[in-house]
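Let me begin by presenting the structure, written as structure tokens, before commenting on it.
The values are calculated or read from the model by the stated rules, or taken from the named source; none is laboratory data. Note that the structure is predicted; figures quoted are calculated from it, not measured. Note that each Cβ is placed from the backbone with ideal geometry, even for glycine, and that neighbours are counted across all protein chains shown. Heads up: the accessible areas ignore ligands, DNA and RNA and are worked out on the full protein's heavy atoms, side chains in. Shrake-Rupley method; radii C 1.70, N 1.55, O 1.52, S 1.80 Å.
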Amino acid sequence: MAHATRPRPTACLALADGSLFYGQGFGAVGETVAELCFNTAMTGYQEIMTDPSYAGQIVTFTFPHIGNTGVNTEDDETVDPVAAGMVVKWDPTDPSNWRAQEHLATWLARRGRIAIGGVDTRRLTRAIRQQGAPHVALAHDPEGNFNAEALVAKARGFAGLEGMDLARDVTCTQSYRWDEMRWAWPDGYTRQTDARHKVVAVDYGAKRNILRCLASAGCEVTVLPATATAEDVLAHSPDGVFLSNGPGDPAATGEYAVPMIRGVLDRGLPLFGICLGHQMLALALGGKTVKMNHGHHGANHPVKDLETGKVEITSMNHGFAVDGQSLPEGVAETHVSLFDGSNCGIRIKDRPVFSVQHHPEASPGPQDSFYLFERFAASMVR
């Protein structure tokens, strides 16, 4: 009995250490270089690919069934995919879901994002865990012609995320109002018409669902670009200020964000930060951030609230972390990861200023962390 011949590889993933992974390409044709991370979520691949926090990264999905629910316009976290590419175990199948509007491969091709299937993602994930997030080059050529040496050289030439301010690349270009609330059956997305609090949200790469959660908590939201100054923020006379998630090195973005945050803090306004916003609040208060070995990326991360003892199942996406040992007097550590003990939350002890590392708008728990938006809203009641 003859063995079926394997199809000729049409995609190649080259790591800076010289490792090569061949597979079947889908999505856009071409090449890209980035940092490689892995995400352990079983669902939400469309939200992950459109999360601006993934700028400069290619995502390896540890769950093999990626693409089986297709894609739809309601699940985009921003206008276009931001992650540079994706790596999966199995090629995407035709979607089987009543909400599907398009095939994942078609969507990626139309949006200019490269993907590779048929890869041993367990081996790749193990390499990331042991060596740290590697620099890689990903190529998709339907003819299967690859210059492996050149791809490895391009991976080695990638500058890396340390010291990179990527928020400027993904932020909005001008301010806008947001009033769409969280999705709810049977009406879907509805509008906030009875807002009680004026909030300025500074966009370092904000996910739409975070803005929806603010609206659902009773906030009238005005979104400003990442480079907004304290004067820009305060000109809107907000009841509170929100610092969004985003990509890159918080110390680099903090060059212009920290003075803004300190200006807001001087006014005594309630302030809430998530992810990159959390890290930059820590910097503004005198703390430090560090690059992690391979980061936290997934929808099953247990986080303990040190003040209540409650454990929340959270969604995570970060490659940098706040150094909990660097927090100054008057700043309390409120949450920690139960995976590695890293910092996941802080607050000023005598003021309504707090932030968390995880993404409380996501739904792994499914609503374990929504109370944080309600806490922010309650802090603005005068």
### Message
How tilted is helix 121-131 with respect to the longest principal axis of the chain? Cα atoms for both, answer in degrees (0 to 90, nearest 10).
### Response
60 degrees
### Query
Highest mean first, what order results for 279-285, 200-206, 30-36, 162-168 on Cβ atoms within 10 Å?
200-206, 279-285, 30-36, 162-168
### Message
Restricting to DSSP loop positions (anything but H, G, I, E, B) with no more than 13 other Cβ atoms inside 10 Å of their own Cβ, which trypsin sites (Lys or Arg not before Pro) remain in segment 188-273?
### Response
ARG196, ARG267
### Task
May I ask you to give the solvent-accessible area per residue for the chain, in square angstrom, as obtained with a 1.4 angstrom probe?
43 Å²
#### Entry: Inter-site label distance for LYS198 and ARG375 at 7 Å from Cα along Cβ, in nm
2.6 nm
### Query
Ignoring any ligand, DNA or RNA, what whole percent of the accessible area of the chain comes from carbon and sulfur when the probe is 1.4 angstrom?
48 percent
### Task
Give the residues of segment 159-177 whose amide nitrogen is closer than 11 Å to a point set 7 Å from the Cα of ASP232 in the direction of its Cβ.
168, 171-176
### Task
At a Cα cut-off below 27 Å, give the lysines reachable from LYS310, other chains included and same-chain residues fewer than 8 away excluded.
LYS207, LYS288, LYS349
#### Entry: Amide hydrogen neighbours beyond the local backbone of ASP91, cut-off 5 Å, H modeled
GLY118
### Task
Give me the distance between the Cα centres of segment 49-91 and segment 227-264, rounded to whole Å.
28 Å
## Note on the structure
Tilt, helix 250-266 to longest principal axis of the chain (alpha-carbon atoms), in degrees rounded to tens, equals 20 degrees
### Query
What aspartates and glutamates sit close enough to LYS304 to cross-link, taking a C-alpha to C-alpha distance under 20 Å and skipping anything fewer than 8 places away on the same chain?
GLU312, ASP323, GLU333, ASP340, GLU361, ASP368, GLU374
